[in-house]
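Heads up: the structure comes next, in structure tokens.
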Amino acid sequence: MLEETEARRRILERTSPGSVIWVPLELSLDQVLAQEIVAVTDSPPFDNSSMDGYAVRAAEARDGAVLRVAEWTQAAGADLGLELIPGEAIRIFTGASIPAGCDAVIMQEDVEREGDFITIREGVERGENIRVRGGDVCTGQILLRRGEVLTPAKIGLLASQGIPEVPVYTKPLAHIVTTGDELVEPGAPLLPGEIYNSNAPMLQTAVIRAGAVGGVSHAIDDPAELREVLAGALAASDLVIIAGGVSVGERDYVKEVLEGLGVVTEFWRVKVKPGKPFLFGTHPDGTLVFGVPGNPVSAYVTFALFVAPVIRRLLGHETEPSSVGLGTLSGLAEEAMHNPGDRPHYLRGICENGRVRLSGTQQSHAIYGLSRANCLIRLEAGQEVAPGEAVPCYWI
Ligand code: AMP
Ligand code: MG
């Protein structure tokens, strides 16, 4: 059985960021920038007023001075090409370009207006209330580096440069195949012996949350049907995630059917609980294949530990095999915890205010406890934790 980190290392070494695609800004949120972006224009692109007021020559706008208001007003929008005549002030509004001959803007609150004249209550310095061209960004400056995650503010920055599209990595297509005779889709009636398929929507949305595009199919425990469904999934996707049927039961056909379709099993079984029967395979056409246990908790945990990091790397995020790939935090145990087994155990927990407790029953079918959990608590093989001791936790 492989150690967890070694398993992740072997998967990640088969993975590199996908091809680069240009997407409109509004579709780029949370994606990783695939190329450096350099400023193509100064920002602001021209000297402009930061206030509503009067554009003046500072030397003439001393305390108590009286200036005549010019006939034309400069508002934000088209630059009228106005020029200041000595002894005059030009009415101006926020964002408007500064007329020739002006070197300051006096706030309208700082003058008294009577007819066509203003009396200056408080004089201005040169440059006051003027946002100078290039004062925020200069042409040629590096704005964003490859690998940065696009946020609304960075998207706004690109827009301010007149850039409508941005290069990111193509979202991988991940297809989920659930397996099992006992499974029924939510919405349909349940016959004795049957259960609802919770893995399909859970893994599909986990895939979407990780940043990939997700599709789903289901196959009963029949080699012929499984072969047909898996062949279709392999042909159409970058990743295939199969839930259930990878254990050692007589009706666990996934492994042999995959091999029949040309998938090479890179490894099967990882030293981690839940999730021992995890399988990783590769198809000659490059499709990565993951077999996760059917029990929903095991499926979720193995997805988080081994599949989500792959999606993240395909999307251009930095991923280290040694890290679980989930945000870490340390919580002080509110209760005693024990891992009597010989594999690291990821327990489902609730971490609040730096304290962590177990979220309900810890069996691998127990999806209620998983639904309440906000973290996985990692206990090493044989580890006993006393109340008050710190334990490593990972956000889920
Ligand atoms: P398997 O890995 O196929 O042996 O399944 C292990 C357990 O998980 C069995 O109790 C299955 O009924 C259950 N299981 C498998 N697939 C699903 C699923 N998609 N949704 C809910 N439970 C499942
Ligand atoms: Mg099964």
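Criterion applied to TRP22, TRP72 was being in a loop (DSSP other than H, G, I, E, B) and either farther than 30 Å from LYS154 by Cβ or of a type in the set (Phe, Trp, Tyr) (or both), and the one residue passing it is TRP72.
Looking at GLU250, GLU225, just one residue is assigned by TED's automatic domain parsing to the domain that holds ASP285 and either in a loop (DSSP other than H, G, I, E, B) or under 26 Å from the mean Cα position of the chain (by Cα) (or both), and that residue is GLU250. Residues that are part of a strand (DSSP E or B), of a type in the set (A, V, I, L, M) and within 16 Å of GLY316 (Cβ to Cβ) within segment 127-172 comprise LEU144, VAL149, VAL166, VAL168, listed in sequence order. Just a yes or no: is a residue in segment 184-204 hydrophobic (A, V, I, L, M, F, W, C), more than 12 Å from ligand 1 (Cβ to nearest atom) and part of a helix (DSSP H, G or I)? So far as segment 184-204 goes, no, none of its residues is hydrophobic (A, V, I, L, M, F, W, C), more than 12 Å from ligand 1 (Cβ to nearest atom) and part of a helix (DSSP H, G or I). One residue is enough: does segment 162-174 have a residue meeting the conditions touching a residue at least 24 places away in the same chain (Cβ under 8 Å), within 16 Å of ligand 2 (Cβ to nearest atom), in contact with a helix residue (DSSP H, G or I) (Cβ under 9 Å, 6 or more places away or on another chain) and aliphatic (A, V, I, L, M)? There is no residue in segment 162-174 that is touching a residue at least 24 places away in the same chain (Cβ under 8 Å), within 16 Å of ligand 2 (Cβ to nearest atom), in contact with a helix residue (DSSP H, G or I) (Cβ under 9 Å, 6 or more places away or on another chain) and aliphatic (A, V, I, L, M). Considering only residues in segment 214-243 that are surrounded by fewer than 17 Cβ atoms within 10 Å (Cβ to Cβ) and of a type outside the set (Gly, Ala, Ser), the one that is farthest from ligand 1 (Cβ to nearest atom) turns out to be GLU228. When THR94, THR15 are screened for being surrounded by 18 or more Cβ atoms within 10 Å (Cβ to Cβ) and part of a loop (DSSP other than H, G, I, E, B), only THR15 passes.
Condition test on VAL40, is it under 28 Å from GLY134 (Cα atoms) and either among the hydroxyl-bearing types (Ser, Thr, Tyr) or assigned to a loop (DSSP other than H, G, I, E, B) (or both)? Yes, satisfied. Whether any residue in segment 250-270 is in contact with a His (Cβ under 7 Å, 6 or more places away or on another chain) and either within 30 Å of GLU3 (Cβ to Cβ) or away from ligand 1 (no atom under 12 Å from the Cβ) (or both) is what I want to check. Within segment 250-270, one or more residues are in contact with a His (Cβ under 7 Å, 6 or more places away or on another chain) and either within 30 Å of GLU3 (Cβ to Cβ) or away from ligand 1 (no atom under 12 Å from the Cβ) (or both).
Selection of segment 276-289 for residues being within 13 Å of ligand 1 (Cβ to nearest atom) and in contact (Cβ under 8 Å) with a residue 40 or more places away in the chain yields LYS276, PHE278.
Looking for whichever is of a type outside the set (D, E, K, R), surrounded by fewer than 13 Cβ atoms within 10 Å (Cβ to Cβ) and closer than 25 Å to GLU148 by Cα here; the options are GLY327, GLY388, GLY354. Which one fits? So the residue among GLY327, GLY388, GLY354 that is of a type outside the set (D, E, K, R), surrounded by fewer than 13 Cβ atoms within 10 Å (Cβ to Cβ) and closer than 25 Å to GLU148 by Cα is GLY327. Only one of the listed residues (LEU157, LEU183) is at pLDDT 95 or above, surrounded by 17 or more Cβ atoms within 10 Å (Cβ to Cβ) and in the same structural domain as ALA34 (by TED's automatic domain parsing). That residue is LEU157.
Pairs under 9 Å by beta carbon, first residue free of Cβ contacts under 8 Å to residues at least 12 places away in the same chain in segment 306-330, partner charged (D, E, K, R) and assigned to a loop (DSSP other than H, G, I, E, B), six or more apart or different chains? Taking only residues 6 or more apart or on different chains, not a single pair turns up. Provide a single number: the residues in segment 188-211 that are more than 15 Å from ligand 2 (Cβ to nearest atom), surrounded by 12 or more Cβ atoms within 10 Å (Cβ to Cβ) and not aliphatic (A, V, I, L, M). Matching residues across segment 188-211 total 3. Taken across segment 232-244, residues that are of a type outside the set (Lys, Arg), assigned by TED's automatic domain parsing to the domain that holds HIS175 and under 30 Å from GLN383 (Cα atoms) do occur, with at least one present. Scanning segment 349-380 for residues that are within 14 Å of VAL272 (Cα to Cα) and touching a Gly at 6+ places or on another chain (Cβ under 8 Å) yields LEU376, ILE377.
A residue that is among the aliphatic types (A, V, I, L, M), in a loop (DSSP other than H, G, I, E, B) and under 22 Å from GLY147 (Cβ atoms) cannot be found anywhere in segment 302-311.
The values are calculated or read from the model by the stated rules, or taken from the named source; none is laboratory data. In this text the structure is predicted, and so the values were computed from the model without any measurement. Ideal geometry is used to build each Cβ from the backbone, glycine not excepted, and the neighbour counts take in all protein chains shown.
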